[in-house]
1. What share of all Cα pairs of the protein assembly as shown, in percent, falls into each consecutive 5 Å distance bin?
2. Other chains' Cβ within 10 Å of B:100-106 residues: what's the mean?
3. Which distances, shortest first and in nm, link B:Asp96 to the matching position in the other copies, using label points set 7 Å out along Cα to C-beta?
4. In what order do B:Tyr65, A:Tyr93 fall by count of nearby beta-carbon atoms within 10 Å, going from fewest to most?
5. Please enumerate, by chain and number, the lysines with C-alpha under 18 Å from the C-alpha of B:Lys69, excluding those fewer than 8 residues away in the same chain.
6. Relative contact order for chain A: what percent, with Cα pairs under 8 Å and sequence separation of 6 or more?
7. In straight Cα distance, which aspartates and glutamates are under 14 Å from A:Lys73, not counting same-chain residues fewer than 8 positions off?
8. By count of other Cβ within 10 Å, fewest leading, how are B:Asp23, B:Asp30, B:Asp91 ordered?
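Every number here is computed from the coordinates shown, using simple stated rules; none is lab data. Quantities reported herein were computed from a predicted structural model and do not represent experimental measurements. Cβ placement follows ideal geometry from the backbone for every residue including glycine, while neighbour counts extend to all protein chains displayed.
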2 protein chains.
Amino acid sequence: MLKITKKVEYALIAIRHLQENQDNLVPVSDISASYGIPKEILAKTLQKLASSNIIESYKGPAGGYKITKKVAKITLNDFFEILEGPTAIMDCYFQDGCDHLNSCNIRTPINKINDSIRNLFNNLTLADISQ
Amino acid sequence: MLKITKKVEYALIAIRHLQENQDNLVPVSDISASYGIPKEILAKTLQKLASSNIIESYKGPAGGYKITKKVAKITLNDFFEILEGPTAIMDCYFQDGCDHLNSCNIRTPINKINDSIRNLFNNLTLADISQ
DNA sequence: ATATATGCGATAATAATTGTCGTATATAAT
DNA sequence: ATTATATACGACAATTATTATCGCATATAT
Ligand code: FES
Ligand code: FES
C-alpha cells in the first residue's frame, strides 16, 4: 500500500532526464530505451504532461520533448494529480457520498493525516527530484 | 495511488472502537455489524493485531477483543508495517536487487521523500486516530 | 513521398486487493 | 458431557487496479 504507480515513476524518470538534457529535443524512444521503460505507456504519460504544459512537444523527425521553465515551480502534488487524480490515502477524503459516513469513526483523523501528506507534496517541486 | 488498504482502514476503525469500549470485551461480530465490515476479513486482521500484542483476545462465549495499554505508544508506521509490510512509495526503497538500479536517476530523491513520509507516520500514534 | 515523431482510443494481460469458505481450537454456561 | 459462542488459520474465489499492447491518426523535417 501507499505506493506510487509505475506511470508516475516513469514520468519522474523522464522529467529528470529532460532536465539533464534541456538543450536537446528528446524523443520518447530515447528515454524508454535508456531506462527500460515500455515505450507506449511512457508516450501516453508524456502526452498528458505536454497537454498540461509541463513539457513541450515537437512532432516530426528530430522532434521530441523538452522541459519548460515552469517545471521547477510544479509541486509534486500537482504533478501527481495531473497523472493520477486527487491525492488521498482513502477515497472519502474527496468523494462526498461515502456509504459509511454515518457510522465512520476515523474520518476526521484520516483527513488530518491526508492533509499532512498533501502538505508534504505541496512543499516539494519537480526541481527537488533532480538533486 | 498512495492509498491505504481496506484491511488497514478496517483495523483503524476497530482500534478506535475498542478504545471507546475499553471496559468491555468486544467480539468481531459487533464491530463488523456496526460499521458494515466483512466479518472474516476483519477477524483475520484483528488476529494479526492480537499476535502482535496490540490487542488482547479472549476465546469462548462472552469473549472478544480488548485494547492494551501500549496502544497509545504504537506509531502508525509500526501499525502499517504489521499489517502491510514495509512502508515505501516504491519497492526499491527496501528491496535491494532493483533491475534499474544502474540506470535509475530518481532513487535518491525518491528515498528522501519516502523518509519524510515514514517520519510523518513515525510521529503519529494510534492514540491520534481517536481524536 | 517518406520516415520519424507525437496524439489518442480501445483492449488485453497481469498483479494486487478484497472477500468467502471450511475447519480447528478454546471456553463459558447449562 | 453437550452446546453455543468466539477466536485461529489456511486455502481459494472474485473483483478491481495497474500495467502493457495494438492500431490508427496527425504533424513535419528532409
Ligand atoms: S469510510 Fe468513508 S467517511 Fe469513513
Ligand atoms: S527504480 Fe529501483 S532504484 Fe530506481
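1. All Cα pairs considered, the percentages come to 1, 5, 12, 15, 15, 13, 10, 9, 7, 5, 4, 2, 1, 0, 0, 0.
2. Values: counts 5, 0, 2, 6, 5, 12, 12.
Mean shielding count: 6.
3. 5.2
4. A:Tyr93, B:Tyr65
5. Counting by Cα, and skipping residues close in sequence, B:Lys69 has these lysines nearby: B:Lys48.
6. On the way: 127 pairs, mean separation 34.0, N = 131.
Relative contact order for chain A comes out at 26 percent.
7. List returned: A:Asp128.
8. Details: B:Asp23 6, B:Asp30 16, B:Asp91 11.
The fewest-first ordering by Cβ neighbours comes to B:Asp23, B:Asp91, B:Asp30.
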